[in-house]
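These notes concern the structure reproduced below.
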Amino acid sequence: MLSYGDIAGMIDHALLKPNLTDEDIIRGCRVADFHGVAAVCVRPGDVRLAAEILKNSKVLVTTVIGFPHGTTTTRCKVAEAEEAISHGAKELDMVINIGKMKSGAYDYVKEDVKAVVEAAHRHQVRVKVIFE
């Protein structure tokens, strides 16, 4: 039987709504820390703030790359990943380019994912590829 802590430790707490204030981010990070969730997923511009709030916590700071549609160029996704990592992100949720996937442009999708993963892995940062 899983305990509350076991279940909480498998949850990512998302703070991605566009209208969240800094105070909302701070409060959300504190709630996540209190409950011991696995990660807080914040907007790229909030990574530095979340990393500061959670610097003494086991909760990972995660952000999204190519959010929400995955349609930014590979170069933009890599730059976004590198900046997020430099600001304290320990995990990235990369949005796959669903339009390219649906078009059958599998080589494009593969290279897009590969570029972000390689950039992240140079810094020992995990990447999850998501469909939004």
Here the residues within region 39-53 that are open to solvent by less than 30 Å² (accessible area, probe 1.4 Å) and touching a Lys or Arg at 6+ places or on another chain (Cβ under 9 Å) are ALA39, ALA51
Residues satisfying the stated conditions in region 58-109, i.e. of a type in the set (Ser, Thr, Tyr) and either farther than 14 Å from ASP12 by Cα or open to solvent by 50 Å² or more (accessible area, probe 1.4 Å) (or both): THR71, THR72, THR73, THR74, SER86, SER103, TYR106, TYR108
Considering only region 32-43, I want to know if a residue exists there that is farther than 18 Å from LYS55 by Cβ, assigned to a loop (DSSP other than H, G, I, E, B) and out of contact with any strand residue (DSSP E or B) (no Cβ under 6 Å at 6 or more places or on another chain). yes
Cβ contacts < 6 Å: first residue in contact (Cβ under 8 Å) with a residue 12 or more places away in the chain, restricted to region 53-76; second residue open to solvent by 50 Å² or more (accessible area, probe 1.4 Å) and in a loop (DSSP other than H, G, I, E, B), any location; separation 6+ or different chain. Result? LEU60/LYS90; VAL61/LYS90; GLY66/THR72; PRO68/GLU132
Could you tell me whether region 79-92 includes any residue that is aliphatic (A, V, I, L, M), in contact (Cβ under 8 Å) with a residue 24 or more places away in the chain and in contact with a Gly (Cβ under 8 Å, 6 or more places away or on another chain)? no
Taking region 1-28 only, how many residues are closer than 20 Å to GLU83 by Cα and either touching a Gly at 6+ places or on another chain (Cβ under 7 Å) or assigned to a helix (DSSP H, G or I) (or both)? 3
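The values are calculated or read from the model by the stated rules, or taken from the named source; none is laboratory data. Not measured: the values here are computed from a predicted model. As a convention, Cβ positions derive from the backbone with ideal geometry for all residues, glycine included, and neighbour counts pool all protein chains shown. Accessible surface areas use protein heavy atoms only, side chains included; no ligands, DNA or RNA. Shrake-Rupley method; radii C 1.70, N 1.55, O 1.52, S 1.80 Å.
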